[in-house]
Amino acid sequence: MLTTWRGPPVVNILVHRKNLRAQAGGGGEEAPSMASRGRETAVVVGGGAVGACAAYFLAKRGLRVTLVEQASIACAASGKAGGFLALDWCDSSPLQPLARASFLLHQKLSQELDGPSSYGYRAVHTLSVMVQEPSSNPSSPSSRPRASSLPSWIDGSGVRTSSCIGTPQTTAQVHPFLFTRKMVSAAVEGHGAQVLIGKFSDVIVDQSRSRVTAVVVDGTQIPADVVVLAMGPWSTRSKIITALTSISALKAHSIVLRPADPSAISPHALFLKYRTREGRVMDPEVYPRPTGEVYVCGMSEEVEVPDDPDHIYPRKDSISMLKRVAANVSLSLQNAEMEVEQACFLPCSEDGLPLIGQIPGVGGLYAATGHSCWGILNAPATGASLAELIVDGKSQLVDLKAFDPARFVRASWR
Ligand SMILES: Cc1cc2nc3c(=O)[nH]c(=O)nc-3n(C[C@H](O)[C@H](O)[C@H](O)COP(=O)(O)OP(=O)(O)OC[C@H]3O[C@@H](n4cnc5c(N)ncnc54)[C@H](O)[C@@H]3O)c2cc1C
């Protein structure tokens, strides 16, 4: 759960204003049902967790789905996130119904699809842990009295206090890379979806009907009755999405460690209040995984997203800081093998809420993006409720009104 950032204001609208006025008030809840339209072809753009779940649920509802991804499935934040899930941490925000529905859907999907734990779903304990870096390098376990709630591997010399902030009933995790790929393979193998590796550049709209008819991928038109744009932090590169909102991106870093004895690391997710010896205060997170790895993330910065997801590189100083964090939390982590050093971008919307629903002015065109620090948690309910909206004309699972992309359209042309 990383801190989010509010992006710059909407800059332009390319969709004809007459159409916007006619359709903006309807929001994402008033699309005509698919029953009245027959079997349809859907193109989902973006092979992250959100696109993967949209593709899965649309294919499950009977659409002929093509998932378009420019690089590889889960190459961006969805493959590099923590994968932490919480039932009630979004309560008292408009995200509450989406997050609660999605937490339960994760449980259900893990039973239906996780086979022999193929993507690392498990319930976890969650602790808030206060850590103060000692003045010298960490080399011995803390000599301070230990809180009884602390598992034995949390023995770093900087560890001070801890408190329980989540139980296995309310918090869980997935391995986000494996989860995203599993959703795609379930869509392909179970429901006939196809994956196309290529770069989406545009949508073709029949102006007389104000309806999408195709997308352009690597210069070729692919017919589509329904298009879902789930391009994460790249959403803003699409002319149409830029017209409707401002998705911004926040870069964050992570490392993956492999301790010598993974069986000594209990399933406890840690949210740290971390003070460096220089007095800097940070909120890194530590997630042991059932695969035997321990994931540590934090260190965000506002920089531009490169065009190519394979060209996102971590900063050396941010990675060094995460190693310092790990070493001060646990001697097992201090001595662990470094497996991965990486960075990725959170997709953030102007009001901190995702965009899920129809893009006003263009029939058949939908957005599913801007999930910020909760995209792995909220991907399943986003995909399932969007599929209901597209197929039935209304989402029963979650009321999508708060996430209607039209809210940014209204703000920009009033
Ligand atoms: C360090 C970190 C830790 C996190 N931890 C958690 C966590 O513990 N729990 C949680 O719920 N969330 C977490 N998140 C947030 C989560 O990772 C994101 O919200 C989520 O991954 C967003 O998924 P997405 O599918 O929208 O975007 P992405 O994963 O960014 O996927 C977008 C995809 O679209 C593709 N694409 C873009 N443009 C095009 C184009 N023109 N043509 C074709 N394809 C295109 C990209 O290549 C990419 O694969 C974390 C994020 C970060 C950065």
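Per-residue answers, yes or no, for (1) within 15 Å of the ligand (Cβ to nearest atom); (2) over 20 Å from the mean Cα position of the chain (by Cα):
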{"position": "T161", "(1), (2)": "no, yes"}
{"position": "C164", "(1), (2)": "no, yes"}
{"position": "A172", "(1), (2)": "yes, no"}
{"position": "S208", "(1), (2)": "no, yes"}
{"position": "V216", "(1), (2)": "yes, yes"}
{"position": "I222", "(1), (2)": "yes, yes"}
{"position": "A249", "(1), (2)": "yes, no"}
{"position": "P259", "(1), (2)": "no, yes"}
{"position": "K273", "(1), (2)": "no, yes"}
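Picking from residues in region 199-211 that are under 14 Å from Q70 (Cα atoms) and surrounded by fewer than 19 Cβ atoms within 10 Å (Cβ to Cβ), the one that is modelled with the highest pLDDT is K199.
Within region 341-365, the residues that satisfy the criterion of being within 30 Å of I319 (Cβ to Cβ), touching a strand residue (DSSP E or B) at 6+ places or on another chain (Cβ under 7 Å) and open to solvent by 10 Å² or more (accessible area, probe 1.4 Å) are E341, Q342, C344, L346, P347. Report whether or not D399 is of a type in the set (D, E, K, R), open to solvent by 20 Å² or more (accessible area, probe 1.4 Å) and closer than 16 Å to I247 by Cα. Considered against the rule, which asks whether it is of a type in the set (D, E, K, R), open to solvent by 20 Å² or more (accessible area, probe 1.4 Å) and closer than 16 Å to I247 by Cα, D399 comes out as no. Looking only at region 174-196, count how many residues are within 13 Å of the ligand (Cβ to nearest atom) and in contact with a strand residue (DSSP E or B) (Cβ under 6 Å, 6 or more places away or on another chain). Result for region 174-196: 2.
For every residue, the table says whether it meets (1) within 16 Å of the ligand (Cβ to nearest atom); (2) modelled with pLDDT of 95 or more; (3) open to solvent by 10 Å² or more (accessible area, probe 1.4 Å); (4) acidic (D, E).
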{"residue": "K316", "(1), (2), (3), (4)": "no, yes, yes, no"}
{"residue": "S320", "(1), (2), (3), (4)": "no, yes, yes, no"}
{"residue": "A326", "(1), (2), (3), (4)": "yes, yes, no, no"}
{"residue": "P405", "(1), (2), (3), (4)": "yes, no, no, no"}
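Beta carbons closer than 7 Å, at least 6 apart along the sequence or on distinct chains, pair a first residue in region 56-76 that is over 17 Å from V226 (Cβ atoms) with a second that is open to solvent by less than 30 Å² (accessible area, probe 1.4 Å) and polar (S, T, N, Q) for I73/T180; A74/T180. Of everything in region 81-96 that is touching a residue at least 24 places away in the same chain (Cβ under 8 Å) and more than 8 Å from the ligand (Cβ to nearest atom), the residue that is nearest to T382 (Cα to Cα) is L95.
Scanning region 68-110 for residues that are among the polar types (S, T, N, Q), surrounded by fewer than 18 Cβ atoms within 10 Å (Cβ to Cβ) and part of a helix (DSSP H, G or I) returns Q96, Q107. Note on region 238-276: among residues that are basic (K, R) and farther than 17 Å from I319 by Cα, the one that is modelled with the lowest pLDDT is K239. With respect to (1) open to solvent by less than 60 Å² (accessible area, probe 1.4 Å); (2) within 30 Å of L270 (Cα to Cα); (3) not β-branched (V, I, T), the lone exception for R181 is condition (1). Summed over region 115-134, residues that are open to solvent by less than 40 Å² (accessible area, probe 1.4 Å) and small (G, A, S) total 2.
Can you confirm whether region 301-314 contains a residue that is open to solvent by 60 Å² or more (accessible area, probe 1.4 Å), touching a residue at least 60 places away in the same chain (Cβ under 8 Å) and over 20 Å from T236 (Cα atoms)? No, there is no match, as no residue in region 301-314 is open to solvent by 60 Å² or more (accessible area, probe 1.4 Å), touching a residue at least 60 places away in the same chain (Cβ under 8 Å) and over 20 Å from T236 (Cα atoms). Within region 376-391, restricting attention to residues that are over 14 Å from Q358 (Cβ atoms) and open to solvent by 10 Å² or more (accessible area, probe 1.4 Å), the residue that is farthest from the ligand (Cβ to nearest atom) is A384.
The values are calculated or read from the model by the stated rules, or taken from the named source; none is laboratory data. Values in this document were obtained by computation on a predicted structure and should not be read as measured data. So basically every Cβ, Gly included, is an ideal-geometry build from the backbone, and we count neighbours across all protein chains shown. Remember, those area values only see protein heavy atoms, side chains included, never the ligands or the DNA or RNA. Shrake-Rupley method; radii C 1.70, N 1.55, O 1.52, S 1.80 Å.
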